[in-house]
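See structure below.
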Amino acid sequence: MNRTGLGLRVLTLAIATSVFAGCSFAPTYETPKTDVADTYKELGPWRNAAPSDQLERGDWWRDYHDATLDDLEAKVDTANPDLAVAVDRYDQARAYLAQTGSAQFPEINSGGLATRNRQSDHRALRSASQPTYYGDNIVGASLGYELDLWGRVRNTIAAGKAATQAASADLASVRLSLHAELADDYIILRGLDAQEKLLVDTVSAYEQALKLTQNRFEGGAASGLDVARAQNQLDNARAQTTDIRAQRALYEHAIASLAGESASKFSLPPNVVELPLPSTPVALPSTLLERRPDIAAAERRAAAANALIGVARAAFFPSISLTATGGYENTGGAGWLTAPNGFWSIGPRFSFALFDAGKRRAVSEQAQAAFNEAADRYRSTTLAAFRQVEDNLSQLQLLDEEARQEDAAVASAQNTLHLAMDRYENGAVNYLDVVASQTAALQAQRTLLVLRDRQLRASVGLIRAVGGGWSTKDMPGADDAKLAVSATGIKKE
């Protein structure tokens, strides 16, 4: 073929490529529909957040104003192995996206060989003038480029980008969960410290009550039964103190693991602290879809599954590539890299499966089913997120009311105990009334401490439910942000 004919064919191919370049068989993607209310039902004393009221990016736990908690939370980003696993998965997703992106460009390869060969004496059509032994030296290069006429490459890249964004959101979700879990465990541990302090003070008071009862028994004013009851109360309080210490040890070990330290080397000295209840801003329900990393991850996976439908459908059409090869070949003579030894080949290549027993149709149906699954998972994740917000809002509202009621119960129990002790010392009642009053007072005080811990834990749950300070703007793509991990933790590049 002359050069004019070759140029005409190349021009025709270029025109066809421009016509089909925008073709894609992926369905037009829409975020799966989910029912979103105008406001939260259990909002109670909390109010919808104004734009300036949003939680800080990242360090939301500082609202509890506890330096020890701040130090522990900082270790999560630098030493927690579960977070490191999530970072590794994100790095894998980024690498896969780079792999898929390379298909947009031509692939160029080079190679060569230098062989010594022997022909069979009985080779078909061999002439007597052909040598039995000969050398074959080849050096050359090849170029291949797939024409993405049906959108297979573009949809593969789109799926890879959405999967990378989902991995980024997964990383944020793991980080949020780990920080929330540590804050929750820390609140429980400090609550146990407060209960231990209460029980230690109670043991001291019961020891004094036992001594008083023994003195009255020795003076003939009390019975041995009163002494036995006082001793039982004291022993029971001591046993409760030991049980609290046993529970505390488990949470101390859990905190060590979250902070990336060995439980055998880690310790937190007991300390009674008053953690403030933060005022968590709650955005409108519609913004929850943007502020929950797990929702964002589910939505991005639905988008990736949608793009893969286009990849599956493109298989019904021919795969067309441009190929070119060239180089030099010499069978042993002089002047290897000279024009007479040159060779080249250029032209389009296509492949198309004429019969596959329904394989491509099954792959397409599988891709559609995968998208349906991803869409349903998105809706499930969204509904679970709204439920978690409502759960924690209702807990904060009702626990606040319950705590006020329990405050009154503690005051009443303490007053009853004082009256019972006074009447016992004056011989008006036996020690059974004192025991009942002591038990009620201790139970009321421990209940109040537990309620306060539950309020703090519900506030952590609410922060976790609204996504912390995260937003979909933090995902790579919109502003080309990239996450990386270094020796000092996670940072933006």
Practice task
Enumerate the pairs (first residue in segment 389-414 and under 22 Å from Val434 (Cβ atoms); second residue anywhere and of a type outside the set (Gly, Ala, Ser) and in a helix (DSSP H, G or I)) with beta-carbon separation below 7 Å, excluding pairs fewer than 6 apart on the same chain, so at least 6 apart or on different chains.
Solution key: Val410/Gln445; Val410/Leu448
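Residues are listed down the side, and each one gets a yes or a no for (1) within 30 Å of Gly160 (Cα to Cα); (2) among the hydrophobic types (A, V, I, L, M, F, W, C):
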site: Asn271; (1), (2): no, no
site: Val282; (1), (2): no, yes
site: Ala307; (1), (2): yes, yes
site: Thr325; (1), (2): no, no
site: Thr331; (1), (2): no, no
site: Gly335; (1), (2): no, no
Handout entry: Residue list for segment 108-146, restricted to those being free of Cβ contacts under 8 Å to residues at least 12 places away in the same chain and surrounded by fewer than 11 Cβ atoms within 10 Å (Cβ to Cβ)
Key = Ser120, Asp121, His122, Arg123, Ala124, Leu125, Ser127, Ala128, Ser129, Gln130
Handout entry: Residue within segment 165-176 that is closer than 30 Å to Gly469 by Cα, in a helix (DSSP H, G or I) and among the hydroxyl-bearing types (Ser, Thr, Tyr) present
Key = yes
Exercise for the section: Answer yes or no as to whether Ala312 is in a helix (DSSP H, G or I), out of contact with any His (no Cβ under 7 Å at 6 or more places or on another chain) and touching a residue at least 12 places away in the same chain (Cβ under 8 Å). Expected result: yes
Exercise for the section: Mind listing whichever residues of segment 119-147 are small (Gly, Ala, Ser) and touching an Asp or Glu at 6+ places or on another chain (Cβ under 6 Å)? Expected result: Gly144
Completion exercise
Only one of (1) in contact with a helix residue (DSSP H, G or I) (Cβ under 9 Å, 6 or more places away or on another chain); (2) loosely packed, with under 14 Cβ neighbours inside 10 Å does not apply to Ala334, and that is (1)
Fill in the blank from the handout: Being surrounded by 13 or more Cβ atoms within 10 Å (Cβ to Cβ) and within 23 Å of Ser459 (Cα to Cα) narrows Ser437, Ser394, Ser364 down to just Ser394
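Matching residues to (1) surrounded by 20 or more Cβ atoms within 10 Å (Cβ to Cβ); (2) of a type in the set (Val, Ile, Thr); (3) not in a helix (DSSP H, G or I):
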{"residue": "Glu252", "(1), (2), (3)": "no, no, no"}
{"residue": "Pro276", "(1), (2), (3)": "no, no, yes"}
{"residue": "Thr280", "(1), (2), (3)": "yes, yes, yes"}
{"residue": "Ala298", "(1), (2), (3)": "yes, no, no"}
{"residue": "Ala303", "(1), (2), (3)": "yes, no, no"}
{"residue": "Gly326", "(1), (2), (3)": "no, no, yes"}
Problem - Hits in segment 350-390 - residues which are among the charged types (D, E, K, R) and part of a helix (DSSP H, G or I) - result: Lys359, Arg360, Arg361, Glu365, Glu373, Asp376, Arg377, Arg379, Arg387, Glu390
Problem - Restricting segment 25-38 to residues that are farther than 19 Å from Asn155 by Cβ and surrounded by fewer than 11 Cβ atoms within 10 Å (Cβ to Cβ), the residue that is modelled with the lowest pLDDT - result: Asp38
Completion exercise
Going through segment 134-147 in order, the residues found to be at pLDDT 85 or above and not small (Gly, Ala, Ser) are Asp136, Asn137, Ile138, Val139, Leu143, Tyr145, Glu146, Leu147
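The values are calculated or read from the model by the stated rules, or taken from the named source; none is laboratory data. None of these values were measured; they are calculated from a predicted model. Because the Cβ atoms are built from the backbone with ideal geometry, glycine has one as well, and the counts that use them run over all protein chains shown.
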